[in-house]
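Notes follow once the structure below has been shown.
Computed from the coordinates by the stated procedures, all read-outs in this text should not be read as laboratory data. Please read these numbers as outputs of a predicted model, since none were measured by experiment. Note that we place each Cβ from the backbone using ideal geometry, even for glycine, and neighbour counts take in every protein chain shown.
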Amino acid sequence: MNKSETIGKLTSALIKAKKEFPTLIKSDSIEFAGKPIKYIDLFDTIQVTQNILGAHGLCVYQPSIPDEGHVLVETLLVHESGEWISSQTKMPLDKGARNAAQHYGGMLTYARRYGYMGMLCLAALDDTDGHHQNTLDLNLIKNIITKQTSLDELRGVMNALKETYPSLKMEVVELCKERAGTLKPNVPELEDANH
């Protein structure tokens, strides 16, 4: 990672922007080892973050750098003050690829997506490890639940999360009960939500 001499203004702006980022939703899928793997693509990631970044004087740009046998992308996060942070993402090219241009384009998009998400500390939702994916999903669920400020909001979110994550239904209910306890001392209306 490289950075400008100071990054205080950039860091402050990024912290404010991250508080406004919406929850990233897995919108695409690919087939891997006979199983569909869901993930968020680069376009969707940029779409939901770029206006928020801009409102805080931040911009991300990603030039590609010539590198023999690899795709090399530099991701720069720049603040209107002139402060910046950069990192590089390097992906190997398959020399035996049938369509070299298409392969290069795919690897370039892959490198840009990981560089962008890494720079902004966004969750990579296309992990192929099911246990790790459940951990990512649970962290996302906890984050959503803790943002609810009323029992009505919590009830609606709980039903939506149970439908979205049927394999984590029991965990969703328990997390909602815990959150409800911080909103109101007695939560009998959530007791029936487990059914």
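Cβ under 13 Å from G106's Cβ, G106 left aside: what net charge do those residues give with Lys, Arg +1 and Asp, Glu -1? Taking every other residue near G106 into account, the sum is +1.
A cut-off under 10 angstrom between Cβ atoms defines the neighbours of Q88, and their net charge, with Lys, Arg +1 and Asp, Glu -1, is -1. Among the trypsin sites (Lys or Arg not before Pro) found in the stretch 46-110, those both in a DSSP coil and sparsely packed, with 15 or fewer other Cβ atoms within 10 Å of their Cβ, are K95, R98. A simple count of charges around T146, restricted to other residues whose Cβ falls under 11 Å of its Cβ and scoring Lys, Arg +1 and Asp, Glu -1, yields +2. Ranking G105, T49, Y61 by how far each Cα lies toward the positive end of the dipole of the stretch 2-119 (charges on Cβ) leaves T49 at the top. Please identify which residues in the stretch 56-77 have an amide N closer than 20 Å to a label point set 7 Å out from the Cα of K95, following the Cα→Cβ vector. Only 66-72 pass the distance filter. When you work out D = kT/(6 pi eta Rh) for the stretch 2-119 at 20 °C and 1.002 mPa s, using the Kirkwood radius from C-alpha pairs as Rh and the Stokes-Einstein form, the result is 136 µm²/s.
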